[in-house]
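Below is one structure, written out as structure tokens, with a few remarks after it.
The values are calculated or read from the model by the stated rules, or taken from the named source; none is laboratory data. In this text, all values refer to a predicted model and were calculated from it rather than measured experimentally. For neighbour counting, all protein chains shown are included, and Cβ atoms are generated from backbone atoms with ideal geometry for every residue, glycine included. With ligands, DNA and RNA removed, areas are computed over all heavy atoms of the protein, side chains included. Shrake-Rupley method; radii C 1.70, N 1.55, O 1.52, S 1.80 Å.
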Amino acid sequence: MASPTLLTPTSKPTPLSPLKPKFTTTITSSSSTPTTTTTNTAATSFQPRRREFLSLATTILSPAWLFPMTPAALAASDEEYVKESEEVINRVRNTINMDKTDPNVASAVAELRETSNYWVAKYRREKSLLGRASFRDIYSALNAVSGHYISFGPTAPIPAKRKARILEEVNTAEKALLRGR
């Protein structure tokens, strides 16, 4: 005997169950008047999806909508860039020229790292500064200095060849700043 779930030539195909309608009407009759009740099953079974909710909430609450920024608000002034770049240059020079036996080397390196992280985070996203020679040279010097101290520790002296290259980049960056580049 064949199983009723298998399709065989002798079995009759059963129709698929009908889709549930969105609206159901129920008629109840009491002793005097019939009442009709309509319920919307789609509305009662609707549950908002998390992804849709989060994308809607992100769109509504995005900072661009809450705090519209103009390009002038993002761009730092040229005088501010020059002033902060000179501070970074002086801090790089002072830190790499410190004697290796100086007890303040570790704190000076930590301050340099904090200053360089701030400078890079602030000016890296400025499109107007990316093409400047001063930006390129300062960024390269900061990358070399922080890479050395991250790899070898804050008390490790910088090798003479690397130190000469960093000081040369810092000097060319300072000259470029003076020329407005």
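I want to confirm something. Restricting to the stretch 129-179 and keeping residues that are under 28 Å from the mean Cα position of the chain (by Cα) and among the basic types (K, R), which single residue is least open to solvent (accessible area, probe 1.4 Å)? It comes out as R132. Inspection of the stretch 70-79 identifies at least one residue that is out of contact with any Asp or Glu (no Cβ under 6 Å at 6 or more places or on another chain), modelled with pLDDT under 90, acidic (D, E) and part of a helix (DSSP H, G or I). Screening Y139, Y123 for residues that are in contact (Cβ under 8 Å) with a residue 24 or more places away in the chain and among the aromatic types (F, W, Y) leaves exactly one candidate, Y123.
Residue check: is E126 acidic (D, E), under 29 Å from S77 (Cα atoms) and either over 27 Å from the mean Cα position of the chain (by Cα) or open to solvent by less than 40 Å² (accessible area, probe 1.4 Å) (or both)? In short, yes.
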